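The values are calculated or read from the model by the stated rules, or taken from the named source; none is laboratory data. This is a predicted model, so every value here is computed, not measured. Virtual Cβ from ideal backbone geometry, glycine too; neighbours counted across all protein chains shown. Side chains included, ligands, DNA and RNA excluded: accessible areas come from the protein's heavy atoms. Shrake-Rupley method; radii C 1.70, N 1.55, O 1.52, S 1.80 Å.
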Amino acid sequence: MCSVIEYYERKTRVEALAEGEVNTTLKDIEKIEKKMNMSLEEAMEFLEIDEELKHRIYVRLGEELE
């Protein structure tokens, strides 16, 4: 069994990895949108992004647009 501190440290690491994945994917999408003249949706389809990551990207973009 892990302590509460260990639990939150692990949770923070997992969240940081997920955030890094979103950041990297957004950079890739941005490049594709500009160079290939694609929409966000087309770029995500081109990259074959799974639904979970798509959702996190939409949430992130929604937060940035507010």
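The table that follows gives values for the structure above.
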| item | result |
| --- | --- |
| Qualifying helices (runs of 4 or more DSSP H) (wholly inside the chain; at least 2 residues being over 11 Å from the mean Cα position of the chain (by Cα), at pLDDT 90 or above and β-branched (Val, Ile, Thr)) | none |
| Where a residue in segment 51-66 is more than 15 Å from Glu30 (Cα to Cα) and its partner, wherever it lies, is assigned to a helix (DSSP H, G or I) and modelled with pLDDT of 90 or more, with Cβ under 6 Å and at least six apart | Arg56/Val22 |
| Enumeration of residues in segment 4-60 that are open to solvent by 80 Å² or more (accessible area, probe 1.4 Å) and among the hydrophobic types (A, V, I, L, M, F, W, C) | Val4, Ile5, Val14, Leu17, Met36, Phe46 |
